[in-house]
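The values are calculated or read from the model by the stated rules, or taken from the named source; none is laboratory data. Note that this is a predicted model, so its numbers are computed, not measured. Reconstructed Cβ throughout: ideal geometry from the backbone, glycine too, with neighbour counts over all protein chains shown.
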Amino acid sequence: MKTALITGVNGQDGAYLAELLLEKGYMVHGVKRRSSLINTHRIDHLYQDPHEKEVRFRLHYGDMTDSTNLIRIIQETQPDEIYNLAAMSHVKVSFDTPEYTANADGIGTLRLLEALRILGLEKKTRIYQASTSELYGLVQEVPQKETTPFYPRSPYAVAKLYAYWITVNYREAYGMYACNGILFNHESPLRGETFVTRKITRAVAAIGLGLQDCLYLGNLNAQRDWGHAKDYVEAMWRILQQDQPEDFVIATGITTPVREFVRMAFAELGIMIAFTGEGVNEKGVVVACTNDAYQLGIGKTVVSVDPEYFRPTEVELLIGDATKAKTKLGWEPKYDLQMLVKEMVANDVLEFEQAGKVQFEHLIS
Ligand code: NDP
Ligand code: GDR
């Protein structure tokens, strides 16, 4: 039985990856930070009572900013594979907490790599680094592939740039099986509520159910190459199963503006919105109104731009070329954007319903 260690196990990707590796028969150890409230809802269904025999899923308290803790966990678990998914992963928030982001996302990766050397595991343990399309930042070339130059545009991306290169360096310097997956945006019903897709699908569900009036967003013109997290964790695993360690871009190859994602999400509930252009009202900026409301002559605004959500420096266009992954890893995404949006909106409607707030019938009327 292979043993894997996942940092950030209770995050979106950690949850899907843990599920995948358990299905494949792995012993899975997860690193989770202490929090004042329990925040393991994404992995609660995987929980096994540690007092039982043959438990294959265990959690360990840990933090990417604590070397001693990481060394001890790796020593105890002796993993064949480490998936380093832990990070302060919100680009906008990284402008507020740049030093912490550098520490956790940049130096944190170094701590793991050094821990393997200190413990003499550098030839045994394979390590996956969660690199990101944010490395490409300011457009240098489209579509973006493994050879495209990086131009990071946020403290998050700069921290991840360090993590990317230290992973490459340890591979070259010490012969470690250390790889970067350069993953483009991937979403799911488990996506954190403050990332744009989930923020949209939750708000659309709430607006559709009559629980919310308006969704406030930032830059609607940004374009992202959105895939499904389930497909992307499969790629992570494949990256660590090759004969030679290499870096791979994982993407769908299709890019979509945020405003189109908004339209698709509303359309899932049969609500057609018309963008009326930015800066059309006297107060904020009206960007969308429901057609129904227009017909009624009310002009009900359902989406407005709030500059609070703009970033000091923005990444305007991401579109990835995953040809290398398709050729060498045999990886192909199973989901397209329409399927992703459908699943996310349906999940959010269900969550509001299960919270007992509203009946589905209300939505249609
Ligand atoms: P999430 O934000 O959902 O999960 C991040 C995880 O890291 C959480 O479990 C979080 O714990 C944990 N974490 C944060 N800081 C620390 C720390 N100091 N020590 C230990 N754990 C910590 O991110 P995703 O699952 O979406 O992404 C996984 C990884 O992939 C991240 O590194 C992200 O930067 C990267 N990535 C993500 C992409 C995406 O589109 N999703 C694309 C490319 C890269 P807690 O719950 O306690 O906050
Ligand atoms: P991103 O994801 O920054 O690409 O990083 P996010 O969903 O936060 O933003 C995507 C785009 O949408 C625009 N946007 C908004 N974003 C948020 N969060 N909230 C808003 O209200 C809003 N309005 C418009 C943003 O400006 C941006 O252009 C994600 C994270 O998962 C990273 O960890 C990962 O590395 C990259 O994807 C690939």
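Name the single residue, out of those in segment 207-262 being basic (Lys, Arg) and either within 14 Å of ligand 2 (Cβ to nearest atom) or assigned to a loop (DSSP other than H, G, I, E, B) (or both), that is surrounded by the fewest Cβ atoms within 10 Å (Cβ to Cβ).
Here the residue is Arg259.
Sort out which residues of segment 196-234 are of a type in the set (A, V, I, L, M) and more than 11 Å from ligand 1 (Cβ to nearest atom), and write them in order of number.
Ile200, Ala203, Val204, Ala205, Ala206, Ile207, Leu209, Leu211, Leu215, Leu217, Leu220, Ala222
Identify, please: which residue in segment 164-195 is in a helix (DSSP H, G or I) and within 14 Å of ligand 1 (Cβ to nearest atom) and is, among those, surrounded by the most Cβ atoms within 10 Å (Cβ to Cβ)? Reasoning before the result, please.
Here is the first cut: in segment 164-195, the residues in a helix (DSSP H, G or I) are 164-174.
Those left that are additionally within 14 Å of ligand 1 (Cβ to nearest atom): 164, 167.
Working: Tyr164: 23, Thr167: 25.
Among residues in segment 164-195 that are in a helix (DSSP H, G or I) and within 14 Å of ligand 1 (Cβ to nearest atom), the one surrounded by the most Cβ atoms within 10 Å (Cβ to Cβ) is Thr167.
Applying the selection to segment 313-341, what residues are of a type in the set (Gly, Ala, Ser) and away from ligand 2 (no atom under 16 Å from the Cβ)?
Listed by number, the list holds a single entry, Gly330.
Might you let me know whether segment 48-55 holds any residue that is of a type outside the set (S, T, N, Q) and touching a residue at least 24 places away in the same chain (Cβ under 8 Å)?
The answer is no; no qualifying residue exists.
Being among the hydroxyl-bearing types (Ser, Thr, Tyr), away from ligand 2 (no atom under 16 Å from the Cβ) and touching a helix residue (DSSP H, G or I) at 6+ places or on another chain (Cβ under 7 Å) narrows it down to one residue among Tyr170, Tyr177; which is it?
Tyr170
Tell me, please, whether a residue that is out of contact with any Cys (no Cβ under 6 Å at 6 or more places or on another chain), part of a strand (DSSP E or B) and surrounded by fewer than 17 Cβ atoms within 10 Å (Cβ to Cβ) can be found in segment 42-58.
For segment 42-58, residues out of contact with any Cys (no Cβ under 6 Å at 6 or more places or on another chain), part of a strand (DSSP E or B) and surrounded by fewer than 17 Cβ atoms within 10 Å (Cβ to Cβ): present.
Quick test for you: out of Ser89, Ser67, pick the one residue that is within 21 Å of Ala130 (Cα to Cα) and touching a helix residue (DSSP H, G or I) at 6+ places or on another chain (Cβ under 7 Å).
Only one candidate passes the filter, namely Ser67.
More than 14 Å from ligand 1 (Cβ to nearest atom), touching a residue at least 24 places away in the same chain (Cβ under 8 Å) and closer than 30 Å to Val305 by Cα - does that describe any residue in segment 239-253?
Yes, that holds for at least one residue.
How about segment 1-34: which of its residues are touching a Pro at 6+ places or on another chain (Cβ under 8 Å) and crowded, with 23+ Cβ neighbours inside 10 Å?
Those that are touching a Pro at 6+ places or on another chain (Cβ under 8 Å) and crowded, with 23+ Cβ neighbours inside 10 Å: Ala4, Leu5, His29.
If you check Tyr16, Tyr83, Tyr100, Tyr61, which single one turns out to be more than 16 Å from ligand 2 (Cβ to nearest atom), at pLDDT 95 or above and among the hydroxyl-bearing types (Ser, Thr, Tyr)? I'd like the intermediate steps shown before the answer.
Numbers: Tyr16 fails: more than 16 Å from ligand 2 (Cβ to nearest atom); Tyr83 fails: more than 16 Å from ligand 2 (Cβ to nearest atom); Tyr100 fails: more than 16 Å from ligand 2 (Cβ to nearest atom).
Just one listed residue meets the conditions, Tyr61.
Among the residues of segment 124-146, is there at least one that is away from ligand 2 (no atom under 15 Å from the Cβ), in a helix (DSSP H, G or I) and either in contact (Cβ under 8 Å) with a residue 12 or more places away in the chain or acidic (Asp, Glu) (or both)?
Within segment 124-146, none of the residues are away from ligand 2 (no atom under 15 Å from the Cβ), in a helix (DSSP H, G or I) and either in contact (Cβ under 8 Å) with a residue 12 or more places away in the chain or acidic (Asp, Glu) (or both).
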